[in-house]
Amino acid sequence: MSRNEGVMWAEKYRPQTLDDVVNLRDVIRSLKAFLRTPETMPHLLFAGMPGTGKTTVALCIARQLLGSSWRSFTLELNASDERGITMVRERVKSFARYGRRGLADIPYAIIILDESDQMTATAQTALRRIMETSSRFCRFILICNYSSKIIEPIQSRCAIFRFSPLQREDMVKYLMYITEKENLDLSNDAADLIAEFSEGDLRRAINILQTSATYEEGASINGKTVLRVVGQANPKQVQVMLSKALDGKFMEARDMLYDLMTTYSLSGVDIIRQIHKELYKLSYLSHEDQAELARIVGEYDFRLSQGANEDIQLSALLAQFAGFMKLKGGATSE
Amino acid sequence: MNRQMWVEKYRPKNAAEVMGNEEAKVSFIKWLKKKHKQKAVLLFGPAGVGKTALVHAAARDFNYKVIEMNASDTRTTKTIMEIAGPAVSTSSLDVYFLSIKGSLLLFDEVDGIFGREDRGGVGAIVKIISESQIPIVLTANDPDIQKLRPIIEVCDLIKFREVRPPLIVALLQKICRLENISAEKEALETIVQNSQGDVRSAINDLQTVCEGKRILRKEDVLSIPARNRGLDIRETLRGVFSAASPREARKILNESLIDYDTLLLAIHDNLPLRYSDPENLAAAYDVLSRADVFRGRIGTEEWRLLSYVFDLLAQSTTIAPAAFHPFNIIFPPTKFSLLKRTATERSLLESICAKIGEKCHVSKRSANLEFIPFLKVILKKESDQASKIAAWLRLDEESSNYLKKVD
């Protein structure tokens with residue numbers, strides 16, 4: 001691995017071969033079997049939370065199957081970025097033009113479709129058709145958070161692999177590996193804290209590590225540094241917004257919500273996920289209240305998936321928070 | 001022989017003939033007579049209640065020559081300045097040669113000037129008002145419109161209301177007498193009721209049903225289509241928020257011209273102004289959220305579900321009817337202007353996320369969620385490392401500065 005400076009470590013320390021991957025032993029074993037007889041490899045579906053290695057493994061497969069020309073025959077698409085299924089179809093078509101002979105020594109081209117659970121059911125149906133017609137010269141690796149959001153016909157055409165969050169010891173092991181390569185001084189409690197804050201998400205762990213290293217400018221990283229960095233990186237807006245709502249300052253809370261959605265370009269789903277997380281950090285709430293509020297968050301998360309407008313659903317959620325505390329006789333955050 | 005429109009034929013000849021709105025009439029005449037503190041006055045109120053009629057009638061009473069511009073003229077800055085400019089700047093020679101007091105500039109229906117082509121029209125009117133040597137009168141239906149703000153600031157305001165039904169009935173009776181038509185009073189009352197205080201539409205309806213008749217009976221008027229002028233957004237919102245029951249609110253929604261998506265957003269925007277009590281607000285938002293869920297279920301097919309959307313909307317605005325206090329309606333929704341204001345920032349953020357996405361194999365969405373928060377902290381440090389990372393991501397100076405600046 002080159003020691004080029006000034007890059008995001010999440011990218012710099014991305015494993016290049018399946019052997020470098022520290023977790024996912026079972027997944028890796030099965031995939032290696034496919035690599036021995038590439039012709040038998042079906043389309044793949046990788047499901048798991050962020051930072052568990054889905055994209056990394058997909059890229060490793062491409063590299064190992066396609067060799068030095070892997071970049072030319074690998075297409076990375078993002079269902080949440082590309083405008084609809086038309087894009088996928090166009091790109092697949094251009095691969096098809098190479099035909100079998102054009103693909104030279106490689107078995108097929110690889111299309112990595114990230115965040116495929118963000119596609120609508122209609123788009124997925126179209127995708128299924130494309131997968132069928134192109135299977136002669138293409139393999140799809142679909143990546144998603146939840147495989148249940150992928151329609152049945154696609155699931156049945158894929159080998160499904162579940163990527164579980166990293167174990168603490170795997171995480172710490174990888175952090176120590178980077179620490180050594182970068183000549184850092186990382187205390188044990190700092191490593192533990194990073195592992196805790198990243199909740200099995202290795203990308204997040206590495207980002208925290210790099211930010212801490214930049215923060216200390218090469219000096220040693222201790223628990224305090226990590227806490228400070230995580231505090232600064234964690235948008236406080238969501239927590240402040242929650243407290244305002246609980247204090248009955250609905251209008252101020254809603255203004256902050258609008259700010260998150262516009263200035264910070266966060267989607268309704270992303271915001272509600274953060275609300276759910278932050279809820280448990282509000283120490284002035286009893287466990288019962290936290291549970292009840294979480295139930296409300298769940299209800300509105302569900303409505304969000306059904307509704308037409310996220311402004312309305314999230315504002316309605318904030319209003320429930322304000323109403324709930326009023327009923328309880330006021331918040332005690334101040 | 002006389003095929004003239006009755007609305008024209010029976011237009012008031014002088015201010016005294018203008019019906020109803022006595023208070024407004026007095027204020028306007030006072031304004032016209034005195035050395036007014038503002039050079040311009042805005043007459044506002046619903047259609048057909050006599051705003052423009054009063055201006056013409058009173059101008060005749062006081063020997064003003066009316067120079068009129070209305071919504072049908074294209075109101076770009078250029079045309080406004082061409083037509084109105086000379087009239088207001090030179091004190092007209094007419095004053096000496098004709099025994100008239102001078103000119104009066106009338107901008108009719110100023111709220112109709114918001115087409116795309118009308119950019120700058122408001123500014124031009126404000127400019128004319130500030131430079132004018134002669135009185136300027138403007139009329140509008142809805143003075144609340146945001147874009148009219150600059151005009152309203154330099155005007156006196158006079159409010160007009162719907163004309164009371166008995167007055168309109170009396171007018172219709174007078175017209176019938178002059179047209180030699182014997183009309184049952186009940187027939188005239190039906191017409192008037194239908195007109196909702198709009199004198200002009202009442203006269204038009206009368207002429208329509210009297211066509212070719214000498215006698216007008218009450219069954220003759222049953223054929224006139226309900227003159228549903230439809231409620232505009234503000235009328236709708238005021239109506240539904242002050243309604244005494246969901247049923248009443250539902251009725252208002254039925255009469256509204258506004259589409260359900262706009263209504264959903266507008267009610268959402270105004271809801272906290274309507275309910276100051278958090279418990280009521282929570283209850284109202286719960287119902288509104290369900291209305292939105294139904295809207296989502298409709299998608300592009302299940303239109304029969306629309307009825308439930310309206311039911312729930314009506315319910316959301318009438319949670320505690322007794323606790324209603326008038327408030328200033330917000331429209332257009334605040335989110336719209338916010339989106340506009342933050343457009344540049346958002347596209348900058350998006351381009352940064354795209355660059356991260358390309359380098360780090362993630363979507364723009366995950367770039368925003370998982371990289372941006374840390375990148376901000378790193379760049380704020382302004383270290384050598386930080387600038388190297390910025391260079392690696394190909395962030396230009398603007399992008400780096402943006403990330404350093406935001407929280």
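The values are calculated or read from the model by the stated rules, or taken from the named source; none is laboratory data. None of these values were measured; they are calculated from a predicted model. Glycine also receives a Cβ, built like all others from the backbone with ideal geometry; neighbour counts cover every protein chain displayed.
Numbers below:
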{"quantity": "Among the candidates B:LEU263, B:LEU288, residue that is at pLDDT 95 or above and either of a type in the set (A, V, I, L, M, F, W, C) or buried (at least 21 other Cβ atoms within 10 Å of the Cβ) (or both)", "calculated": "B:LEU288"}
{"quantity": "Yes/no for A:SER94 being surrounded by fewer than 13 Cβ atoms within 10 Å (Cβ to Cβ), modelled with pLDDT under 85 and under 20 Å from A:LEU127 (Cα atoms)", "calculated": "yes"}
{"quantity": "Which numbered condition B:HIS268 fails, given (1) within 11 Å of chain A (Cβ to nearest Cβ); (2) free of Cβ contacts under 8 Å to residues at least 12 places away in the same chain", "calculated": "(2)"}
{"quantity": "Single residue of the range A:300-325 satisfying the filter (under 21 Å from A:LYS244 (Cβ atoms) and within 24 Å of the chain's Cα centre (by Cα)) that is farthest from the other protein chains (Cβ to nearest Cβ)", "calculated": "A:ASP301"}
{"quantity": "Odd one out for A:ALA191 among (1) touching a Lys or Arg at 6+ places or on another chain (Cβ under 9 Å); (2) more than 13 Å from A:LEU45 (Cβ to Cβ); (3) part of a helix (DSSP H, G or I)", "calculated": "(1)"}
{"quantity": "Test result for B:SER400, more than 9 Å from chain A (Cβ to nearest Cβ), more than 30 Å from B:GLU235 (Cα to Cα), hydroxyl-bearing (Ser, Thr, Tyr) and surrounded by fewer than 18 Cβ atoms within 10 Å (Cβ to Cβ)", "calculated": "no"}
{"quantity": "Unique residue being within 28 Å of A:GLN118 (Cα to Cα), outside the structural domain of B:ALA243 (by TED's automatic domain parsing) and in contact with a Phe, Trp or Tyr (Cβ under 8 Å, 6 or more places away or on another chain) when the list is B:LEU395, B:LEU349", "calculated": "B:LEU349"}
{"quantity": "Within the range A:240-283, tally of residues that are part of a helix (DSSP H, G or I), under 20 Å from A:LEU304 (Cα atoms) and without any contact (Cβ under 8 Å) to a residue 60 or more places away in the chain", "calculated": "19"}
{"quantity": "Breaking point among (1) out of contact with any strand residue (DSSP E or B) (no Cβ under 9 Å at 6 or more places or on another chain); (2) closer than 23 Å to B:ASN204 by Cα; (3) at pLDDT 85 or above, for B:MET1", "calculated": "(3)"}
{"quantity": "Unique residue being in contact (Cβ under 8 Å) with a residue 12 or more places away in the chain, more than 11 Å from chain A (Cβ to nearest Cβ), of a type in the set (Gly, Ala, Ser) and over 20 Å from A:LEU314 (Cβ atoms) when the list is B:SER245, B:SER307", "calculated": "B:SER245"}
{"quantity": "Sole residue being under 18 Å from A:ARG273 (Cβ atoms) and within 14 Å of chain B (Cβ to nearest Cβ), chosen from A:GLY248, A:GLY218, A:GLY200", "calculated": "A:GLY200"}
{"quantity": "Count of the range B:318-342 residues which are within 12 Å of another protein chain (Cβ to nearest Cβ) and either in contact with a strand residue (DSSP E or B) (Cβ under 6 Å, 6 or more places away or on another chain) or exposed (fewer than 11 other Cβ atoms within 10 Å of the Cβ) (or both)", "calculated": "1"}
{"quantity": "Checking B:LYS405 against (1) more than 7 Å from chain A (Cβ to nearest Cβ); (2) in contact with a Gly (Cβ under 6 Å, 6 or more places away or on another chain), the condition it does not meet", "calculated": "(2)"}
{"quantity": "Lone unmet requirement of (1) within 9 Å of chain A (Cβ to nearest Cβ); (2) under 22 Å from the mean Cα position of the chain (by Cα) for B:GLU345", "calculated": "(2)"}
{"quantity": "Filter result (buried (at least 18 other Cβ atoms within 10 Å of the Cβ) and farther than 26 Å from B:ILE267 by Cα) within the range A:267-317", "calculated": "A:GLN274, A:GLU278, A:LEU279, A:LEU285"}
{"quantity": "Of the criteria (1) within 11 Å of chain A (Cβ to nearest Cβ); (2) more than 17 Å from A:PHE250 (Cα to Cα); (3) buried (at least 20 other Cβ atoms within 10 Å of the Cβ), which one B:GLN315 fails", "calculated": "(1)"}
{"quantity": "Residue match in the range B:220-228 (condition: within 30 Å of the chain's Cα centre (by Cα) and modelled with pLDDT of 85 or more)", "calculated": "no"}
{"quantity": "Index of the failed condition, B:LEU157 passing every other in (1) under 20 Å from the mean Cα position of the chain (by Cα); (2) surrounded by fewer than 16 Cβ atoms within 10 Å (Cβ to Cβ); (3) at pLDDT below 85; (4) not β-branched (Val, Ile, Thr)", "calculated": "(3)"}
{"quantity": "Those residues of the range B:351-373 which are more than 7 Å from chain A (Cβ to nearest Cβ) and either more than 16 Å from A:GLY51 (Cα to Cα) or hydroxyl-bearing (Ser, Thr, Tyr) (or both), in sequence order", "calculated": "B:SER351, B:ILE352, B:CYS353, B:ALA354, B:LYS355, B:GLU358"}
{"quantity": "Residue ID - surrounded by the fewest Cβ atoms within 10 Å (Cβ to Cβ), chosen from residues in the range B:383-397 that are farther than 27 Å from A:GLN16 by Cβ and more than 10 Å from chain A (Cβ to nearest Cβ)", "calculated": "B:GLU397"}
{"quantity": "For A:LEU75: the one exception among (1) within 22 Å of A:GLU132 (Cβ to Cβ); (2) in a helix (DSSP H, G or I)", "calculated": "(2)"}
{"quantity": "Single unsatisfied condition, A:ASP289 versus (1) of a type outside the set (Lys, Arg); (2) farther than 29 Å from B:LYS364 by Cβ; (3) touching a Lys or Arg at 6+ places or on another chain (Cβ under 8 Å); (4) without any contact (Cβ under 8 Å) to a residue 12 or more places away in the chain", "calculated": "(4)"}
{"quantity": "Any hit, the range B:272-282, residues being over 27 Å from A:LYS326 (Cβ atoms) and not basic (Lys, Arg)", "calculated": "no"}
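Table: residues versus (1) under 24 Å from the mean Cα position of the chain (by Cα); (2) within 14 Å of another protein chain (Cβ to nearest Cβ).
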position	(1), (2)
A:LYS12	yes, yes
A:PRO15	yes, yes
A:VAL27	yes, no
A:ALA33	no, no
A:MET41	no, no
A:LEU44	yes, no
A:MET49	yes, yes
A:GLY53	yes, yes
A:SER72	no, no
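Yes or no, residue by residue, for (1) more than 30 Å from A:THR214 (Cα to Cα); (2) at pLDDT 90 or above:
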| residue | (1), (2) |
| --- | --- |
| A:VAL240 | no, yes |
| A:LEU257 | yes, yes |
| A:LEU260 | no, yes |
| A:SER283 | yes, no |
| A:ASP289 | yes, yes |
| A:ILE312 | yes, yes |
| A:GLY323 | yes, yes |
